[in-house]
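Below is one structure, written out as structure tokens; comments come after it.
The values are calculated or read from the model by the stated rules, or taken from the named source; none is laboratory data. No experiment lies behind these values; they were computed from the predicted model shown. Cβ sites come from the backbone with ideal geometry, for glycine too, and all protein chains shown count toward neighbours.
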Amino acid sequence: MLREAALRVTRPRVAVLSAVHDHPHADTDSIIAAVRRDLPKVSHQAVYDVLRALTGAGLLRRIQPMGSVARYEARVGDNHHHVACRSCGAIADVDCAVGTAPCLTASDDHGFAIDEAEVIYWGLCPACSPDTEPETTQSRKESRD
């Protein structure tokens, strides 16, 4: 992957790329900790530099949901979106709901050549949700009758 992106293959680059593949949506501190398991002496700055290079080369995607630190993922090039928990900060991938990249058609592009859309669905993950059973359409209908 590194060679295909015209990047030199170095131990820090391989370690960072591997860490992000193994831990999607990881923040920088988590990536540093994962990299240091293989390369104990790697510096914070080296990891930051590698993340910047890999993101610039299109091998990683940097996301930063509102109120969160930057996170990185290896799923690139498909314009997928994310769901984020307001309580614990968990993040998961969400494919586009309809067709291929429907969000790329803005109501007014203001002359921009749009190539990516970022959608984040917010709510509570199953672990943070109250232990109540979700109301179904049928139960709502029955309660109105």
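Selection of region 14-40 for residues being assigned to a helix (DSSP H, G or I) and either touching a Leu at 6+ places or on another chain (Cβ under 6 Å) or aliphatic (A, V, I, L, M) (or both) yields 14, 15, 16, 17, 19, 20, 31, 32, 33, 34, 35.
For region 27-64, enumerate the residues that are touching a strand residue (DSSP E or B) at 6+ places or on another chain (Cβ under 9 Å), surrounded by fewer than 19 Cβ atoms within 10 Å (Cβ to Cβ) and touching a residue at least 24 places away in the same chain (Cβ under 8 Å). Within region 27-64, 27, 28, 63 meet the criteria. Examine region 71-81 for a residue that is among the hydrophobic types (A, V, I, L, M, F, W, C), touching a strand residue (DSSP E or B) at 6+ places or on another chain (Cβ under 7 Å), at pLDDT below 85 and assigned to a loop (DSSP other than H, G, I, E, B), and state whether such a residue exists. No; the residues of region 71-81 include none that is among the hydrophobic types (A, V, I, L, M, F, W, C), touching a strand residue (DSSP E or B) at 6+ places or on another chain (Cβ under 7 Å), at pLDDT below 85 and assigned to a loop (DSSP other than H, G, I, E, B). Scanning region 102-115 turns up at least one residue that is closer than 26 Å to residue 21 by Cβ, at pLDDT below 90 and assigned to a helix (DSSP H, G or I).
Name, by its number, the condition in (1) surrounded by 17 or more Cβ atoms within 10 Å (Cβ to Cβ); (2) free of Cβ contacts under 8 Å to residues at least 60 places away in the same chain that does not hold for residue 91. With (1) surrounded by 17 or more Cβ atoms within 10 Å (Cβ to Cβ); (2) free of Cβ contacts under 8 Å to residues at least 60 places away in the same chain applied to residue 91, the lone miss is (2).
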